[in-house]
1. What is the angle, in °, between the Cα long axis of helix 411-424 and the longest principal axis of the Cα atoms in the chain? Nearest 10 is fine, range 0 to 90.
2. Within 10 Å, count the other beta carbons around each residue, average over each peptide in 391-402, 104-115, 125-136, and list them highest first.
3. Wrap a convex hull around the Cα atoms of region 269-397, take a quarter of its surface area, and give that in square nanometres.
4. Can you find, among 289, 315, 331, the residue sitting farthest towards the positive end of the charge dipole of the chain, where Lys and Arg contribute +1 and Asp and Glu -1 at Cβ?
5. Could you sort the peptides 225-237, 64-76 by per-residue average Cβ neighbour count (10 Å cutoff), highest mean leading?
6. For the chain, give the magnitude of the charge dipole about the Cα centre (Cβ charges: +1 Lys/Arg, -1 Asp/Glu; no others), in debye to the nearest 20.
7. What label, among (1) 20.8, 64; (2) 22.1, 72; (3) 23.9, 75, belongs to Rg and Dmax of the Cα atoms in Å computed from the structure on display?
8. How large is the dipole of region 117-267 about the Cα centre if only Lys and Arg carry +1 and Asp and Glu carry -1, each at its Cβ, rounded to the nearest 20 debye?
Amino acid sequence: MSTTFTRKQFLTVAGAGLGTLALGACAGPSTDGGGPDTKAVAVDWSTIKPASSISYMSSHPGKSRDTELLLIESFQKENPGITVNLVTGGANYEEVAQKFQTSQAGNDVPDVLLASDVWWFRYALSGAILPLNELLKATNTDISGYVPGLVSDYEYDQKQWAIPYARSTPLFYFNKDHFKAAGVPEGAPATWEEFAEWAPKIKAANASASGYQNAYQYPAIAGYAGWTLQNLLWGRGGAWSKEWEITADSEESVAAMQWVQDSIIKDSWAGVSSKNALTDLQAGAVSATISSSADLATVMKASKESAMRIGVGVLPGGDVSKSPVSPTGGSGLVIANKSTPERQLAAAMFIAHVTNAGNTAKLSAATGYAPVTQTADVSAILAQTPEFQVVVDQLKQTRNQDYARTFLPGGDQELAKAATKIMNEKADVKTTMSELKASLESIYNKDVKPKLKS
């Protein structure tokens, strides 16, 4: 499969039939939305008055419910004629997706929805959400002020489908005292090869501590293995895919995943978390892990309260590439296609408000999510949490995720299955990566390629 297309050439809406996009390969809910009408209907937004009430469905990422309520309150003060009802769609992105899918059977849909990096495009394909370009003009929202790489994550077919909101990037978290005991630098390694030299020393120096397990803990595979492992693949010249070409079985990708397996089985300095690697780190069971920047504020607060010296650094590079090797992640805000024009206009006003420079800084301060605008003032955040500088620095070194994870329906689940075999079941790496390629190509050929623009 060598056909290549740019992001802006991505997919074309082929009428209502697009709602039948086959998602059988995906463990998540179908996004056919009961076959919504995807035909474009021109709206003269200058004649539309914003609705008096809209709903916003969220999972409150990064324990942000209180912050979201404050953002809603400030929006309502600036727009006294509009009320925003906050709806809890679930505990995570997948539960929100399920609830949104269920709502498509009727007309009672949330007007604004939190959409993760692997869900927004499915909504776009099925016609469940509205392209935002005309609404952005109608509300005088200038997206040139947002971080370019975060905005471009939501582009296809020359349309903007979401606005970045709770955006994250993985960070390297580590126990400074464990590193000090091993006589290695009390900072994040520059490369994974450097950490592989440190790891045996770190494990040996801390092995006698009660409950200690490993120098490094890979995040739970059931979470976001496909997301976090991109860092290791990219650093060694590999990738899950190169645009639409699946490269999981390339020499570089296989070597990277062999290195991962060896760190667990052969070299025995790493393990795989069964639930939450950060919890393992905070319990002193492991010396380092990677996790979302959204966890930063909570981790550093707990670190200070427990007197445990937790450090944070940018993701290590590899022997082929040291930068950019950090994937973006998190979620953006979308607008339901089934909502009325009046509610859609009010929804666009709300999105512009909660993602502006001042409010993205408030969300960042409360959680650790990256500021989504270029002019956000993070000085107050840095004064309270100096470690947030790592998020700012790493945001300059991010890379758009591989299509295999974000644009193939069910691709993320296939990546997790392969990671489970390699990391937990001692499966042959080359064979597993070849099988992964076949699975991903099958999804592409069946569910995506027929919809691509030539």
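1. 10 degrees
2. Ranked by mean Cβ neighbours within 10 Å, highest first: 125-136, 104-115, 391-402.
3. The directionally averaged projection comes out at 10.9 nm².
4. Checked the options; the winner is 331.
5. The peptides rank, most packed first, as 225-237, 64-76.
6. 140 debye
7. (2)
8. Dipole size: approximately 480 debye.
We did not get these values from a lab; they are worked out from the coordinates using the rules stated. Here the structure is a predicted model, which is why all the values come from computation and not from measurement. Methodologically, a virtual Cβ is constructed for each residue, glycine included, from the backbone with ideal geometry; neighbour enumeration extends over all protein chains shown.
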